[in-house]
Amino acid sequence: MTGTRLLEAEGLAKHFKLRPASLLGTTRLVKAVDGVSFHVDAGETLGLVGESGSGKSTIARLLMRLVPASGGAVRWRGEDVLALPADRFKALRRDMQMIFQDPLSSLNPSYTVGESIEEPMIVHGAPPDRTSRRARVRELMEQVGLDGSQAAKYPHEFSGGQRQRIGIARALAVDAKLIIADEPVSSLDVSIQAQVLNLMQDLKDRYGLSYLFIAHDLAVVKHMSRRVAVLYLGRLVETATSAEIYRRPAHPYTRMLLQAIPRARVPTPGTPRTPPATGEIPSPIDPPGGCPFHTRCPLAETRCRRDVPAFREIAPGHHAACHLV
Ligand code: SF4
């Protein structure tokens, strides 16, 4: 089973039209996600990393059809997800679940946690009888490190880390094959983050799960992922194995993210040394021309302001979009 292609995104795009500020103004197009391609195989974790505003969460929502795509394709085991009729997509949703950054806002406050975990089982009709579902709820709560006897409590009665465990139990309730985890630990204290990440790793090993693990923190992504995809202003700028990204980061933006990790490991000798990049990610409403990173890149030269660098393979399995690599 490991190695089977589960999810594939090809040229995925999400463009928004911005209304003109005045009657005589022109409509502008915001490219929140612009031609992004990646895949996740059975049993693996792909880390998707980038700053806030890079398009990570929009990609998660496109994959789950929570927002319509402007272009590109999403395939689940080869099947065209974006073209599936609603009833077929509902069946597929059982295999592909999502956990969110803020578990409190993703749990219905008027439901007990038991009801929240039971809800996806009711939606997907498994198991069909209430007694079995309730037994499964208790079992799932124990599996994620919660006390099954607390199923009648409400979300606000749990801590942030416990609520994230409830979110994970909900995803497991229908035997998901792939979990899209959108910044699952960024709202938690560092000590709690490690516990939730270890739980996710344990569950992955136990059930052969796959994750699309989305985060802004490259250290967290490295801990979880076999491969890493780096996103900047809605486009991929580098993809490689986690080990390769840390040993030989090619793109200046990836190096900037690595430098942001406290006491980051010194890259292998031979890796180009780059002065630190500065500034904030530009608004996707008015993105820079040429290489989208040129306004912050310490290595930018004339052609970077003019030409968009191609995303190309620079070593086996290692892709980057930079004129200098
Ligand atoms: Fe920097 Fe130019 Fe490479 Fe873009 S193409 S990352 S601006 S060196």
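The values are calculated or read from the model by the stated rules, or taken from the named source; none is laboratory data. The model shown is predicted, which means the values in this text are computed figures rather than measured ones. Cβ placement follows ideal geometry from the backbone for every residue including glycine, while neighbour counts extend to all protein chains displayed. Quick note on the areas: whole protein, heavy atoms, side chains included, nothing else; ligands and nucleic acids left out. Shrake-Rupley method; radii C 1.70, N 1.55, O 1.52, S 1.80 Å.
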Scanning region 187-214 for residues that are in contact with a strand residue (DSSP E or B) (Cβ under 7 Å, 6 or more places away or on another chain) and farther than 12 Å from residue 99 by Cα, the one most open to solvent (accessible area, probe 1.4 Å) turns out to be 204
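Within region 97-189, which helices (runs of 4 or more DSSP H) (wholly inside it) include 1 or more residues that are among the small types (Gly, Ala, Ser), under 17 Å from the mean Cα position of the chain (by Cα) and closer than 22 Å to residue 62 by Cβ?
Fully inside region 97-189 and qualifying: 103-106, 160-172.
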Within region 4-21, residues open to solvent by 90 Å² or more (accessible area, probe 1.4 Å) and acidic (Asp, Glu) come out as 10
Review point. Could we say that residue 22 is in contact (Cβ under 8 Å) with a residue 24 or more places away in the chain and of a type in the set (S, T, N, Q) here?
Key: no
Residues in region 295-313 that are touching a Pro at 6+ places or on another chain (Cβ under 6 Å) and within 7 Å of the ligand (Cβ to nearest atom) total 2
When (1) modelled with pLDDT of 95 or more; (2) open to solvent by 10 Å² or more (accessible area, probe 1.4 Å) are applied to residue 91, the one that fails is (1)
Scanning region 299-325 for residues that are among the small types (Gly, Ala, Ser) and in a strand (DSSP E or B), the one farthest from residue 46 (Cα to Cα) turns out to be 315
Scanning region 103-125 residue by residue, those free of Cβ contacts under 8 Å to residues at least 60 places away in the same chain, crowded, with 19+ Cβ neighbours inside 10 Å and of a type in the set (A, V, I, L, M, F, W, C) turn out to be 113, 117, 121
Considering only strands (runs of 3 or more DSSP E) wholly within region 206-276, the ones with at least 2 residues that are more than 16 Å from the ligand (Cβ to nearest atom), at pLDDT 90 or above and in the same structural domain as residue 309 (by TED's automatic domain parsing) are 210-215, 227-232
Checked against (1) in contact with a strand residue (DSSP E or B) (Cβ under 8 Å, 6 or more places away or on another chain); (2) in the same structural domain as residue 219 (by TED's automatic domain parsing); (3) closer than 30 Å to residue 162 by Cβ, residue 90 satisfies every condition except (1)
Of the residues in region 277-298 that are modelled with pLDDT under 90 and either outside any loop (DSSP other than H, G, I, E, B) or of a type in the set (A, V, I, L, M, F, W, C) (or both), the one that is least open to solvent (accessible area, probe 1.4 Å) is 277
Checked 29, 46, 23 against criteria (part of a strand (DSSP E or B), at pLDDT below 95 and not polar (S, T, N, Q)); the one match is 29
Going through (1) farther than 16 Å from residue 230 by Cβ; (2) within 16 Å of the chain's Cα centre (by Cα) one by one, residue 9 fails only at (1)
| query | Is it the case that some residue within region 189-202 is more than 30 Å from residue 53 (Cα to Cα), of a type outside the set (S, T, N, Q), in the same structural domain as residue 229 (by TED's automatic domain parsing) and modelled with pLDDT of 95 or more? | reply | yes
Among the residues that make up region 69-77, is at least one of them at pLDDT 95 or above, open to solvent by 50 Å² or more (accessible area, probe 1.4 Å) and part of a strand (DSSP E or B)?
yes
